[in-house]
1. For VAL129, are the conditions met, namely being within 30 Å of the chain's Cα centre (by Cα), part of a strand (DSSP E or B), over 22 Å from THR189 (Cα atoms) and in contact (Cβ under 8 Å) with a residue 12 or more places away in the chain?
2. Which one of these does GLU45 not meet: (1) surrounded by 17 or more Cβ atoms within 10 Å (Cβ to Cβ); (2) in a strand (DSSP E or B)?
3. So which of THR140, THR147 is more than 26 Å from ARG102 (Cβ to Cβ) and hydroxyl-bearing (Ser, Thr, Tyr)?
4. Condition (residue is touching a residue at least 60 places away in the same chain (Cβ under 8 Å), crowded, with 18+ Cβ neighbours inside 10 Å and within 16 Å of the chain's Cα centre (by Cα)) applied to the range 77-97: is it met by at least one residue?
5. From the residues in the range 129-168 that are of a type in the set (S, T, N, Q) and buried (at least 21 other Cβ atoms within 10 Å of the Cβ), which one is farthest from ALA111 (Cα to Cα)?
6. Considering only residues that are buried (at least 20 other Cβ atoms within 10 Å of the Cβ) and over 16 Å from LEU222 (Cβ atoms), which ones fall in the range 247-273?
7. Can you confirm whether the range 87-103 contains a residue that is in contact with a His (Cβ under 9 Å, 6 or more places away or on another chain), of a type in the set (Phe, Trp, Tyr), part of a strand (DSSP E or B) and farther than 30 Å from THR189 by Cα?
Amino acid sequence: MKTSLALLISLGLGAAGAAQAQSPWNGAYVGGHAGPSTQADARGEAILFDTNLDGAFGDTVRTAAGANAFSPGFCGGGANGPTPASGCRSNSDDDNDDYGLRLGYDWQDGALVYGVLGEVARGGLTDSVAAFSTTPAFYTMRRELETSYALRGRVGFSFGDDRNLLYATAGYAWASVSNDFSTSNGVNTFVANGDSDASGAQYGVGYERRLGEAFSVGLEYLRTDFEDEDYRVRAQGPAPATNPFLLVNPNGTDFRRGNSDIEVESVRLTLNYRF
């Protein structure tokens with residue numbers, strides 16, 4: 001009886017080991033990534049205004065004489081001075097490296113591999129938009145993408161004796177965002193408010209290669225489309241009633257960014273350990 005039981009256990013362990021050997025991508029893994037992140041060009045972005053505080057943006061801020069107070073224009077970057085002639089710092093100057101950790105699980109059925117993973121990443125990528133008034137003065141709205149989190153699925157196929165994996169991945173991401181505002185206007189006071197979170201879709205493709213039984217290295221491209229639309233800045237007194245920000249509504253004028261999208265592209269080197 002004991003001999004039969006030992007034989008059954010031995011056969012079971014052998015079958016499990018054979019199954020694992022035939023499905024090397026099957027199972028849990030933990031890993032990390034690092035690489036550069038860049039953002040979409042925002043040269044056409046502007047700051048929008050709500051002069052009567054009705055919640056609808058797109059109003060023109062006018063001087064007491066009726067002229068457009070922001071006729072000097074806008075730029076998709078941080079202002080270097082109070083006039084457009086001072087120039088703007090390109091948002092590409094604020095691209096940054098992206099690094100993080102991930103935990104996932106894959107299932108393998110023949111050459112088909114599919115799975116899920118969770119990820120936390122840190123990048124520090126920033127972007128800005130600036131407006132110039134006729135006073136002259138600059139008004140810059142800046143945001144920094146801080147810690148981000150993602151839940152994704154992935155599906156692909158293995159090849160080359162199961163040592164290589166090509167896959168597509170997609171899911172949902174959210175991040176903490178730090179917004180701030182700066183200006184050379186010393187006449188008005190400015191009050192900021194709004195959420196500090198952004199969220200959106202994340203998708204991409206990747207390649208992974210096994211190194212031995214447990215480790216794998218890879219290259220991954222991801223596109224993340226965050227939506228950050230809640231940040232507002234209100235320009236208010238103690239300027240006189242003839243101030244352009246107070247002419248329509250004495251409580252002030254609200255600012256928001258014309259583009260609420262944070263479009264991030266990342267290229268990552270990955271290292272995973274399977275257990």
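1. Spelling it out, it is not the case that VAL129 is within 30 Å of the chain's Cα centre (by Cα), part of a strand (DSSP E or B), over 22 Å from THR189 (Cα atoms) and in contact (Cβ under 8 Å) with a residue 12 or more places away in the chain.
2. (2)
3. Matching residue, one of THR140, THR147: THR140.
4. For the range 77-97, residues touching a residue at least 60 places away in the same chain (Cβ under 8 Å), crowded, with 18+ Cβ neighbours inside 10 Å and within 16 Å of the chain's Cα centre (by Cα): absent.
5. SER133
6. Those that are buried (at least 20 other Cβ atoms within 10 Å of the Cβ) and over 16 Å from LEU222 (Cβ atoms): GLY252, THR253, ASP254, PHE255, ARG257.
7. Yes: one or more hits.
Residue-by-condition table, conditions (1) of a type outside the set (Ser, Thr, Tyr); (2) in contact (Cβ under 8 Å) with a residue 12 or more places away in the chain; (3) in contact with a helix residue (DSSP H, G or I) (Cβ under 6 Å, 6 or more places away or on another chain); (4) closer than 30 Å to ALA69 by Cα:
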| residue | (1), (2), (3), (4) |
| --- | --- |
| SER178 | no, yes, no, yes |
| ASP197 | yes, yes, no, no |
| GLY200 | yes, yes, no, no |
| GLU208 | yes, yes, no, no |
| PHE226 | yes, yes, no, no |
| GLU229 | yes, yes, no, yes |
| VAL233 | yes, yes, no, yes |
| ILE262 | yes, yes, no, yes |
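The values are calculated or read from the model by the stated rules, or taken from the named source; none is laboratory data. Computed from a prediction, not measured in an experiment: that's the story for all the values here. Reconstructed Cβ throughout: ideal geometry from the backbone, glycine too, with neighbour counts over all protein chains shown.
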